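K.L.:
Handing you a structure now.
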Amino acid sequence: MIRTADSHPLTWRLRVDQQPVWFEEYRAKQGYAGAEKALALAPTAVTEQVKAAGLRGRGGAGFPTGVKWSLVPMDPKFDRKYLLCNADEMEPGTYKDRLLLEQLPHQLIEGMLIGAYALQAYRGYIFLRGEYVVAAERLRHAIDEATKAGFLGKNILGTGFNFELFVHTGAGRYICGEETALINSLEGRRANPRAKPPFPALAGAWGKPTCVNNVETLNNVPAILLNGVDWYKGLSAGKSNDAGTKLMGFSGRVKNPGLWELPFGTTAREVLEDYAGGMRDGLTLKAWQPGGAGTDFLTEQHLDLPMDFDSIGKAGSRLGTALAMAVDHEINMVSLTLNLEKFFARESCGWCTPCREGLPWSVKILQALEQGEGQPGDIETLEQLCRDLGPGKTFCAHAPGAVEPLQSAIKYFRAEFEAGITRDPMLSSPVPAGIQPNLLEQRW
């Protein structure tokens, strides 16, 4: 695949030897040209360009980036504002941001510089997953280079704009992917989500207006400022309503697991077969998750869907991070779902009761089903838990995301769950609805 600046704004600068692109090489490849254009505009004009380009958040939620920026107040009385980059990337099956962090650190710095100027933020933090040691080293080196070159610090390029940038490594909590939990952790507090309102745009880090964006989101910004809105919107393929390109990939037992920068509208089948090489010999596709562990399973019949937010959403799942996981026919869905729910239960911050108690409950039931010791009513209990932990029922989005793979696995592969119900004749008869909870309480 040939990458060019016109077709692959995120990855065309990557080196063949996979070494980082440092300052001099980055400048030679149109680096910081987008920032120079941005700094010649009014801050609100920069935000309007990003909004008009249709850039949506690449961390999973897909919220319009320009709209998010516009929520941050521009009143001069707000003299301390922050731009935070969410580089925690602890979603199982997701590894896209690591590529950009390790090999194109200046591209992220340029994106943050443009974003900070649009917001008039005086300080930025890259909240980095603690295990990304190499990324931390390279980001700090790149920040030093950019500071010495005058792209960070005081009076950037003589414009009077000041912006300093720091790397903050996290202690390892999945919940830090939620922006207010990230802010709490950055402040040195326990990584629990905050009540909203107030929203971070008004009262975020240290009580000041704050914007949190994903790594890939910010990496899109320089090209938009450099090449324009129309060019960016023209990158997507087919009839996709989403603009630009997206890092997409497939993991699992495929022939060529990896990730690629592809236009929105590329079908899942193209990613799986043309780029990932299809399933390994002797294996067939059973199910797939479009974008990380917290997205609903889809099946082979959904492979011809365009990989964009709306199409995947209408099919009953979420695009998420767009790094899909292929499940082959040898995998038992009860065991796979149990593995995922164990992770989500462990990573719950414990702040709200439905999540704290509901996810471990689902794990216990799944363990029994996996061992063939399930009881009549267990599957219905799991379905009820999925409803009770759904959107709007918990303090943050952790639990709703956690039950997405569970509810979809039951939907498409119910027979595998039913196979785990015990054949003990004492428990094979239907259990009256009023007695069922007591059986569960005795068991657990």
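Here, each number is a calculation from the coordinates, and none is a lab measurement. Since the model is a prediction, treat every value here as computed from it, not as a measurement. Counting neighbours? That spans all protein chains shown, and the Cβs are built from the backbone with ideal geometry, glycine included.
K.L.:
Sequence neighbours fewer than 8 away in the same chain don't count; with that in mind, list the lysines whose C-alpha is under 16 Å from Lys364.
P.N.:
Lys342
K.L.:
Using only alpha carbon pairs under 8 Å that are at least six residues apart, calculate the relative contact order of the stretch 119-276 and give it in whole percent.
P.N.:
13
K.L.:
Could you give the angle, 0 to 90 degrees to the nearest 10, between helix 398-418's Cα long axis and the longest principal axis of the Cα atoms of the chain?
P.N.:
40
K.L.:
Please work out the C-alpha center-to-center distance from the stretch 340-366 to the stretch 233-256 and express it in whole Å.
P.N.:
32
K.L.:
Over the C-alpha atoms of the chain, what are the Rg and the largest Cα-to-Cα span, Dmax, in Å?
P.N.:
Radius of gyration, then largest Cα-Cα span, for the chain: 23.2, 82 Å.
K.L.:
For each of His302, His141, His329, count neighbouring Cβ atoms within 10 Å of the residue's Cβ, then give the residues from fewest to most.
P.N.:
In order of increasing Cβ crowding within 10 Å: His329, His141, His302.
K.L.:
Read phi for every residue in the stretch 78-89 and hand back ³J(HN,Hα) as whole Hz from Karplus 6.51 cos²θ - 1.76 cosθ + 1.60, θ = phi - 60°, with x for Gly and Pro.
P.N.:
8, 8, 10, 10, 10, 10, 10, 9, 7, 10, 6, 6
K.L.:
Just the number: Rg to Rh for the stretch 23-233, Cα atoms, Kirkwood Rh, two decimals.
P.N.:
A ratio of 0.93.
K.L.:
For Glu48, Glu164, Glu91, Glu179, which order do you get if you count the other beta carbons within 10 Å of each Cβ and list the fewest first?
P.N.:
Glu164, Glu48, Glu91, Glu179
K.L.:
Which one of Gly278, Gly238, Gly54 has the biggest mean-square fluctuation once the chain is modelled by GNM with Cα springs under 10 Å?
P.N.:
With Cα springs under 10 Å in the chain, the top fluctuation among Gly278, Gly238, Gly54 is at Gly238.
K.L.:
Something else about it: What pairs from Lys96/Lys208; Lys29/Lys208; Lys77/Lys314; Lys51/Lys81 go past 32 Å between their alpha carbons?
P.N.:
Lys29/Lys208; Lys77/Lys314
K.L.:
Hey, another quick one. Just want to confirm a number: the relative contact order over the chain, from Cα pairs under 8 angstrom separated by 6+ residues, in percent.
P.N.:
Relative contact order, the chain: 15 percent.
K.L.:
Less than 19 Å apart at the alpha-carbon level, and either on another chain or at least 8 residues along: which aspartates and glutamates does that give for Lys239?
P.N.:
Asp230, Glu261, Glu270, Asp304, Asp308, Asp310
K.L.:
If the cut-off is 13 Å between C-alpha atoms, which aspartates and glutamates fall inside it for Lys255, apart from same-chain ones fewer than 8 positions away?
P.N.:
Glu273, Asp274, Asp281, Asp328
K.L.:
At a 10 Å Cβ-Cβ cut-off, how would you order Lys364, Lys314, fewest neighbours first?
P.N.:
Lys314, Lys364
K.L.:
How far, in degrees from 0 to 90, does helix 215-227 lean away from the longest principal axis of the Cα atoms of the chain, to the nearest 10?
P.N.:
With rounding to tens, the tilt is 40 degrees.
K.L.:
Kindly express, to the nearest 10 degrees and within the range 0 to 90, the angle between helix 133-148's C-alpha long axis and the longest C-alpha principal axis of the chain.
P.N.:
20
K.L.:
Another one. In the neighborhood of Leu285, defined by Cβ-to-Cβ distances under 11 Å, what is the net charge if each Lys or Arg adds +1 and each Asp or Glu adds -1?
P.N.:
Residues near Leu285 contribute +1 overall.
K.L.:
How high is the relative contact order of the stretch 23-233, given as a whole-number percent (alpha carbon pairs under 8 Å, six or more residues apart)?
P.N.:
32
K.L.:
Let me ask you something else. Would you work out the charge dipole size for the stretch 245-326 about its Cα centre, treating the Cβ of every Lys and Arg as +1 and the Cβ of every Asp and Glu as -1, and quote it to the nearest 20 debye?
P.N.:
Roughly 260 debye for the stretch 245-326.
K.L.:
Indicate the gyration tensor shape class of the stretch 59-182 (rounded, prolate or oblate), computed on the Cα atoms with a ≥ b ≥ c the square roots of the eigenvalues: a/c under 1.5 is rounded; otherwise a/b larger than b/c is prolate and the rest oblate.
P.N.:
Oblate.
K.L.:
Here's another thing I want to ask about it. For the chain, what does the helix formula give at 222 nm: sum of -39500 (n - 2.57) over DSSP H segments with n ≥ 4, over the residue count, nearest 500 deg cm²/dmol?
P.N.:
-12000 deg cm²/dmol
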